[in-house]
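Data block below; observations after.
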């Protein structure tokens with residue numbers, strides 16, 4: 001398909017990227033080079049670039065970034081990792097036209113995650129997408145549908161699924177090490193300062209603001225809603241429960257061994273102590289209940305707090321014979337009334353195909369960071385094998401864990417408990433709540449009903 005014809009078809013599809021499953025390679029030989037584009041280079045995008053660049057057999061050809069002011073620093077950054085030549089593009093649609101690109105890595109604001117996943121699948125590209133995978137529950141399900149329809153590998157950034165000690169903790173929980181696990185408690189006690197207040201201002205030169213907004217409503221440019229602070233505005237993010245919290249939410253659901261959504265949710269809290277532009281809460285407590293009565297409790301504390309059992313970001317699991325504490329540093333179990341120590345494990349430094357401290361100018365010293373590389377390696381392994389299970393964090397798991405964050409936020413915003421049908425993924429007899437399952441998309445950045 002020639003470039004002109006491809007873009008013509010894309011325009012006809014509301015500026016999306018259509019029918020292009022045949023554009024991506026169906027399989028890769030063991031030593032075939034995989035060519036990637038990193039979408040977004042501010043903040044998390046640099047981690048994507050650094051980790052994928054450390055993996056043997058991967059070449060990063062393109063950085064896609066709507067803020068052209070970041071390009072000079074990105075060139076210096078790429079060269080520091082041994083990448084002497086990098087192509088820049090500000091429009092994701094042009095990246096997806098490029099036949100050389102086999103996969104993309106998405107590190108953009110959340111309003112773009114699902115639409116980029118869907119467009120990439122339609123264009124025959126595999127995808128690594130940051131968490132949460134969606135801005136709302138409906139489009140998250142559409143991402144799953146697109147991955148399956150076009151037979152693409154779509155992995156999510158819930159990287160704890162690749163941490164060896166967390167995988168071992170989950171194995172023990174599922175094998176009954178603390179008995180029947182009846183409750184999980186997720187902790188996201190991450191300190192956040194006030195973002196203050198800023199006035200709307202002209203769009204800075206070099207910023208493609210319409211593309212940055214994408215599916216979100218048109219509103220004036222404001223620095224407080226732009227780089228990073230977009231997390232705290234409902235049009236683009238979903239607060240800390242879906243930022244840092246989704247990692248712990250994913251681990252909590254995994255430990256409970258739940259592959260469906262709950263039937264009941266209640267969330268309460270508020271934005272406390274500060275006076276700023278922020279819309280999302282900095283204090284939030286949520287409870288989810290499944291059909292069998294199992295419970296997931298989740299708490300966000302962004303102000304001043306104690307830890308719980310030695311951690312501020314992690315998970316606690318409670319079973320009929322004991323309990324477990326797990327975070328990125330390791331896990332510990334305690335059994336019976338006397339809290340007798342049970343199985344435990346510290347986080348370990350893992351070597352990878354790339355080699356910790358290995359090629360392409362990449363130096364790593366921590367167990368956490370080496371596991372982040374392994375998580376990306378698992379995605380590349382799945383791209384080569386065409387087996388989604390090799391990725392460790394398939395899009396379906398990403399959808400479920402992201403949806404839990406969205407469910408909590410809907411309950412919080414409505415100020416009441418909600419009942420949910422996990423089979424239809426709709427609220428029960430509650431059209432007001434169902435109105436939050438999907439957003440009004442801004443043309444041409446529309447998630448289609450039929451992917």
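Using the alpha-carbon positions of segment 126-274, Rg (one decimal) and Dmax (whole number) come out as 18.7, 59 Å.
The Rg/Rh ratio for segment 87-197, using Cα coordinates for both the radius of gyration and the Kirkwood hydrodynamic radius, is 1.08.
The fewest-to-most ranking of 69, 332 by surrounding Cβ atoms within 10 Å reads 69, 332. Summary of packing: across the peptides 157-169, 222-234, the per-residue average of other C-beta atoms within 10 Å ranks them, highest first, as 157-169, 222-234. Stretching residue 285 away from residue 426 to a fully extended chain increases their span by 48.6 nm, per 0.36 nm per residue minus the current alpha-carbon distance.
Residue separation of residue 416 and residue 87 scaled by 0.36 nm, minus their Cα-Cα distance, works out to 113.5 nm of gained length.
Using the beta-carbon distance between residue 340 and residue 201 and R0 = 51 Å, what value does 1/(1 + (r/R0)^6) give for FRET efficiency, to the nearest 0.05? Approximately 0.25, to the nearest 0.05.
For the chain, the longest principal axis of the Cα atoms and the long axis of helix 137-149 meet at an angle of about 60 degrees. Here the contact order of the chain, divided by its residue count and restricted to Cα pairs under 8 Å and six or more residues apart, works out to 21 percent. Shown for 88, 288: other C-beta atoms within 10 Å of each C-beta, ranked fewest to most, produce the order 88, 288.
Taking 0.36 nm per residue of separation and subtracting the Cα-Cα distance, full extension of the segment from residue 303 to residue 385 would add 25.0 nm. Computed from Cα positions, the angle between helix 3-12 and the longest principal axis of the chain comes to roughly 50 degrees.
Ranked by how many other Cβ atoms sit within 10 Å of their own Cβ, fewest first, the residues 46, 79 fall in the order 79, 46.
Measuring nothing but how far apart in sequence close Cα pairs (under 8 Å, 6+ apart) lie, relative to its length, segment 270-313 scores a relative contact order of 28 percent.
Bridge orientation summary for the chain: considering DSSP beta bridges with both residues in this region, about 60 percent are antiparallel. Take the Cα of residue 348, step 7 Å toward its Cβ, do the same at residue 223, and the gap between the two points is 4.8 nm. Expressed as a whole percent, the proportion of Cα-Cα pairs in segment 223-335 lying more than 21 Å apart is 44%. Between the helical axis of 245-256 and the dominant principal axis of the chain, each derived from Cα atoms, what acute angle in degrees is found, rounded to the nearest 10? On a 0 to 90 degree scale, this one is about 60. Expressed as a whole percent, how much of the Cα-Cα distance distribution for the chain exceeds 37 Å? Taking all Cα-Cα pairs of the chain, the fraction more than 37 Å apart is 23 percent.
We did not get these values from a lab; they are worked out from the coordinates using the rules stated. Quantities reported herein were computed from a predicted structural model and do not represent experimental measurements. For neighbour counting, all protein chains shown are included, and Cβ atoms are generated from backbone atoms with ideal geometry for every residue, glycine included.
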